[in-house]
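Working notes, beginning with the structure itself.
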Amino acid sequence: MTEALSKVFAALGDPIRLDMVARLATGDATVSALAQHYDISMQAVSKHLKVLESAGLVSRSRAAQTRPVHLEARVFDLMDKWMERYRVRAEERYRRLDAVLAEMNDEEEKPRRKGNAS
């Protein structure tokens, strides 16, 4: 799981690939349709898609003469499970911190006793 996630996060670390994933979230697209949005060569677009494909984020199929690129949602399920595990841990730490801060605040608000003068 760790190696797969490392590939996914590395693939999404590039702004062009991240934008490609965002565009594919609205529907499948051909390489040519994706390429028109970027000021890079068709070869560079293909290389970016190969990285996304290697990470399991996209797949390509044959439909007549075209090869539409399809976003693979199951990879996002894997990422979601990984993030959820850390979100739960972070929430537990925040709850403990809130309890400590509330306790400190209660101690500061307690009226202080004045010493008895004899």
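The values are calculated or read from the model by the stated rules, or taken from the named source; none is laboratory data. Because the structure is a prediction, the values reported are computed rather than measured. Heads up, the Cβs are rebuilt from the backbone with ideal geometry, glycines too, and the neighbour counts pull from every protein chain shown.
Can you find a residue that is closer than 15 Å to residue 7 by Cβ and assigned to a loop (DSSP other than H, G, I, E, B) anywhere in the stretch 74-86? There is no residue in the stretch 74-86 that is closer than 15 Å to residue 7 by Cβ and assigned to a loop (DSSP other than H, G, I, E, B).
A residue that is farther than 17 Å from residue 13 by Cβ and aliphatic (A, V, I, L, M) can be found somewhere in the stretch 92-99.
Pairs are defined by a Cβ separation below 9 Å, a sequence spacing of at least 6 or placement on different chains, a first member in the stretch 61-78 that is of a type in the set (Gly, Ala, Ser), and a second member that is modelled with pLDDT of 85 or more and not in a loop (DSSP other than H, G, I, E, B); the pairs so defined are 61/69; 61/70.
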